[in-house]
Amino acid sequence: MKIYFIRHAEGLHNKEINGHTIKFPSLTEFGQSQALNTKIELKNIMFNKIISSPLKRTLQTAYIIFEKKPVTALELIREYNGSICDNRENRNHLKNMFKEYDFSLIYDNYDYNKSEDDIMFKNRIDQFYKWLITNNNYDTIAIISHGSFLFEFFKIYGDILKIKNNAFLNNCEYIIGYI
């Protein structure tokens, strides 16, 4: 299985000085253009499955890159829960914004008042890897997630996935891994 790991395009929280205090940040205009450029780069690739974090900026990135293709939101690949910008809307609100997306793999209600510690974060990364290897019946998939999540995931599983560069991805940058 070939996996395109994509970091979301630039969001308001990436641009503003106090961006981590912005609740539910959307993509900036520049972020939208980044996603359009990535759409052009990936236009000839036949993706069998598209998975996105359930945060608005990743869902918006997926919507621009993949247009009306089916997208499944997956709670396991959301950003590290430590800042207000990493909170998400409730599932019903997300369903109303992205009607064609599948939200069956995200929690009904997630308590963002409880910070996630490093052990919880690593456990979620491990759960995602287990999910990935048990859902490997696709030829080519896209994973749209977040900088910190992907960076930590690559530190642990990058060698196994044959990822040569475990560097922190820039907004809308992608790297390819294999299972």
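Beta carbons closer than 6 Å, at least 6 apart along the sequence or on distinct chains, pair a first residue in region 47-67 that is of a type in the set (Ser, Thr, Tyr) with a second that is crowded, with 24+ Cβ neighbours inside 10 Å and in a strand (DSSP E or B) for 52/73; 52/144; 53/145; 58/52; 58/144; 61/144. Of all residues in region 105-136, those being over 13 Å from residue 82 (Cα atoms) and surrounded by 10 or more Cβ atoms within 10 Å (Cβ to Cβ) number 18.
Are any residues in region 1-39 closer than 30 Å to residue 134 by Cα and either of a type in the set (Phe, Trp, Tyr) or free of Cβ contacts under 8 Å to residues at least 12 places away in the same chain (or both), and if so, which ones? Matches in region 1-39: 4, 5. Under the condition of being hydroxyl-bearing (Ser, Thr, Tyr), under 17 Å from the mean Cα position of the chain (by Cα) and farther than 27 Å from residue 31 by Cβ, the residues counted in region 105-156 number 1.
Selection of region 15-44 for residues being hydrophobic (A, V, I, L, M, F, W, C) and out of contact with any Ser or Thr (no Cβ under 6 Å at 6 or more places or on another chain) yields 17, 22, 24, 27, 30, 36, 40, 42.
Do you know which residues across region 137-151 are surrounded by 12 or more Cβ atoms within 10 Å (Cβ to Cβ) and either of a type in the set (Lys, Arg) or touching a residue at least 40 places away in the same chain (Cβ under 8 Å) (or both)? Correct list: 138, 140, 141, 142, 143, 144, 145, 146, 147, 148, 149, 150. As a summary of the residue check, residue 44 satisfies the conditions (1) at pLDDT 95 or above; (2) in contact with a helix residue (DSSP H, G or I) (Cβ under 7 Å, 6 or more places away or on another chain); (3) surrounded by fewer than 15 Cβ atoms within 10 Å (Cβ to Cβ) except for the one numbered (2).
For region 60-77, the set of residues classified as touching a Leu at 6+ places or on another chain (Cβ under 9 Å), more than 20 Å from residue 1 (Cα to Cα) and surrounded by fewer than 24 Cβ atoms within 10 Å (Cβ to Cβ) consists of 60, 64, 75, listed by residue number. Residue 116 satisfies every condition listed in (1) among the charged types (D, E, K, R); (2) within 14 Å of residue 53 (Cα to Cα); (3) touching a Phe, Trp or Tyr at 6+ places or on another chain (Cβ under 7 Å) except (2). Listed residues 157, 174; which is crowded, with 16+ Cβ neighbours inside 10 Å and either among the basic types (Lys, Arg) or without any contact (Cβ under 8 Å) to a residue 60 or more places away in the chain (or both)? Checking each option against the conditions leaves just 157.
The values are calculated or read from the model by the stated rules, or taken from the named source; none is laboratory data. The model shown is predicted, which means the values in this text are computed figures rather than measured ones. For neighbour counting, all protein chains shown are included, and Cβ atoms are generated from backbone atoms with ideal geometry for every residue, glycine included.
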